[in-house]
Amino acid sequence: MCKSALCLLCVSLLLGPSLSCYQCFVEVQDSLRLCWGHILTEHNVRNVDYCFRKLDRIFNNHERVIEAGRVGKGYDKQLKELLDGEILPMVEEFDKKLNNDTVYEERLQTAADNFIAAASKLPRVSGCLPPCGFQSAGAVYNCITCQYDSCELPLDCPVKEVKAMENSRSQMWCVVPFHLPGNIEVIWRFAEEVKTQQVDQFKEVTAGLDTLYSIPSTSLQHVGTYQCEIYSGQRSIVRLYFYLTGGRLLPAPGGPSHSLTPSPLLLTACLTALLLLLFLSMGALYWSVLPEQTSHAEQEEEDLGL
């Protein structure tokens with residue numbers, strides 16, 4: 001009964017308000033064996049509670065220990081090996097043996113310093129690459145929660161605008177700056193005429209491994225938003241958006257269609273200019289012929305007078 005109560009007390013002390021690398025990797029039973037013979041030198045009494053408080057101070061509330069444990073994905077196993085290498089030999093040495101608190105203080109502090117030095121040499125991660133996507137490779141181990149912290153970035157990337165010319169080739173690449181798993185699937189979807197990120201407005205176009213979506217000859221019917229979603233197994237990794245909009249020759253959705261037929265105003269102006277040119281030409285011709293006709297008339301009058 002007393003032993004069970006002691007175990008419960010020790011567990012509650014170990015799993016107090018905060019965790020650290022020690023609690024993540026060292027078993028409670030090993031901690032009980034380690035602290036069994038802890039003697040308070042001042043009073044010369046065995047006190048397991050003070051031993052656990054010492055562990056909490058040296059490991060749990062030690063910022064350098066927590067920072068040393070922030071390793072890249074998959075290196076938590078090495079953290080456990082390093083800590084076990086420091087703690088387990090002490091467990092075997094101290095088990096069922098009495099030792100003064102000064103001995104515990106010195107040995108545990110040395111173990112913490114050794115762990116910090118070794119763990120700090122393990123690979124770090126470059127961090128998360130904004131602005132979007134689930135980036136498992138960018139996660140870091142957190143000794144406070146005993147698990148990896150994700151990047152906590154949104155799944156949806158901002159919409160990228162793509163200008164297109166009529167009858168020209170349009171290309172959209174579904175690429176991201178962070179590492180992707182090997183077993184990916186790429187699904188392309190299209191929302192006609194609108195600029196949107198509302199998932200329910202898209203219809204699936206293709207599914208497979210193609211990260212390139214190409215339109216050989218762009219026309220008005222291709223205007224709208226294209227969504228590229230990358231999956232790994234059943235998990236969505238990232239969603240990219242491309243808004244294909246009109247350039248100089250391709251009209252925007254809902255806008256007027258550009259045509260080779262001139263506008264009525266231009267036709268009226270051209271017709272007016274042509275008529276004016278015709279009248280001027282006829283006037284010039286009339287005035288050029290009039291002197292010659294007058295000269296002939298005068299010559300005829302002179303001949304009749306003779």
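The values are calculated or read from the model by the stated rules, or taken from the named source; none is laboratory data. For clarity, every value in this text was computed on a predicted model and none was experimentally measured. Neighbour counts run over all protein chains shown; Cβ positions are idealised from the backbone, glycine included. Protein only, heavy atoms only, side chains kept; ligands, DNA and RNA dropped before computing areas. Shrake-Rupley method; radii C 1.70, N 1.55, O 1.52, S 1.80 Å.
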Query raised in the report: Restricting the search to the stretch 139-165, which residues are under 27 Å from SER214 (Cβ atoms) and open to solvent by 80 Å² or more (accessible area, probe 1.4 Å)?
Result: PRO158, LYS160, GLU161, LYS163
Requested in this report: Could you figure out which of (1) among the hydroxyl-bearing types (Ser, Thr, Tyr); (2) in contact with a helix residue (DSSP H, G or I) (Cβ under 6 Å, 6 or more places away or on another chain); (3) buried (at least 16 other Cβ atoms within 10 Å of the Cβ) isn't true of SER120?
Outcome: (3)
Query raised in the report: Which residue out of VAL65, VAL48 is open to solvent by less than 50 Å² (accessible area, probe 1.4 Å), in contact with a helix residue (DSSP H, G or I) (Cβ under 8 Å, 6 or more places away or on another chain) and touching a residue at least 60 places away in the same chain (Cβ under 8 Å)?
Result: VAL65
**Report entry** Selection from the stretch 84-117 of residues that are in contact with a helix residue (DSSP H, G or I) (Cβ under 7 Å, 6 or more places away or on another chain) and of a type in the set (Lys, Arg)
**Finding:** ARG107
Report summary line: Residue count, the stretch 16-61, condition of a type outside the set (D, E, K, R), out of contact with any Lys or Arg (no Cβ under 7 Å at 6 or more places or on another chain) and within 20 Å of LEU88 (Cα to Cα), comes to 21
Query raised in the report: Conditions: (1) over 16 Å from the mean Cα position of the chain (by Cα); (2) open to solvent by 50 Å² or more (accessible area, probe 1.4 Å). PRO131 meets all but one. Number of the miss?
Result: (1)
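Residues are listed down the side, and each one gets a yes or a no for (1) open to solvent by less than 60 Å² (accessible area, probe 1.4 Å); (2) modelled with pLDDT under 70:
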site	(1), (2)
THR245	yes, no
PRO251	yes, yes
SER257	no, yes
LEU260	no, yes
LEU274	no, no
GLY283	yes, no
ALA297	yes, yes
**Report entry** Any chance PHE115 is under 30 Å from VAL71 (Cα atoms) and over 23 Å from the mean Cα position of the chain (by Cα)
**Finding:** yes
Query - Filtered residues of the stretch 31-85 (kept if assigned to a loop (DSSP other than H, G, I, E, B), under 22 Å from ASP149 (Cβ atoms) and not small (Gly, Ala, Ser)) - result: ASN61, HIS62, ARG70, VAL71, LYS73, TYR75
Requested in this report: Quickly run through the stretch 97-145 and pick out the residues that are over 17 Å from LEU180 (Cβ atoms), part of a helix (DSSP H, G or I) and of a type outside the set (A, V, I, L, M).
Outcome: ASP101, THR102, TYR104, GLU105, GLU106, ARG107, GLN109, THR110, ASP113, ASN114, PHE115
Query raised in the report: Do we have any residue at all in the stretch 223-240 that's modelled with pLDDT under 60, closer than 30 Å to LEU155 by Cβ, in contact with a Ser or Thr (Cβ under 8 Å, 6 or more places away or on another chain) and surrounded by 10 or more Cβ atoms within 10 Å (Cβ to Cβ)?
Result: no
Query raised in the report: In the stretch 152-180, which residue that is over 18 Å from SER236 (Cβ atoms) and not in a strand (DSSP E or B) is nearest to the chain's Cα centre (by Cα)?
Result: ARG169
Query raised in the report: Would the stretch 195-206 turn up any residue that is under 30 Å from ALA139 (Cβ atoms), at pLDDT 95 or above and of a type in the set (Lys, Arg)?
Result: no
**Report entry** the stretch 195-216, residues that are assigned to a loop (DSSP other than H, G, I, E, B) and either open to solvent by less than 60 Å² (accessible area, probe 1.4 Å) or in contact (Cβ under 8 Å) with a residue 60 or more places away in the chain (or both)
**Finding:** THR196, PHE202, THR211
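Yes or no, residue by residue, for (1) aromatic (Phe, Trp, Tyr); (2) modelled with pLDDT of 90 or more; (3) within 14 Å of ASP101 (Cα to Cα):
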site	(1), (2), (3)
CYS24	no, yes, no
LEU34	no, yes, yes
LEU40	no, yes, yes
VAL48	no, yes, yes
LEU55	no, yes, yes
PHE59	yes, yes, no
ARG64	no, yes, no
GLY69	no, yes, no
GLY72	no, no, no
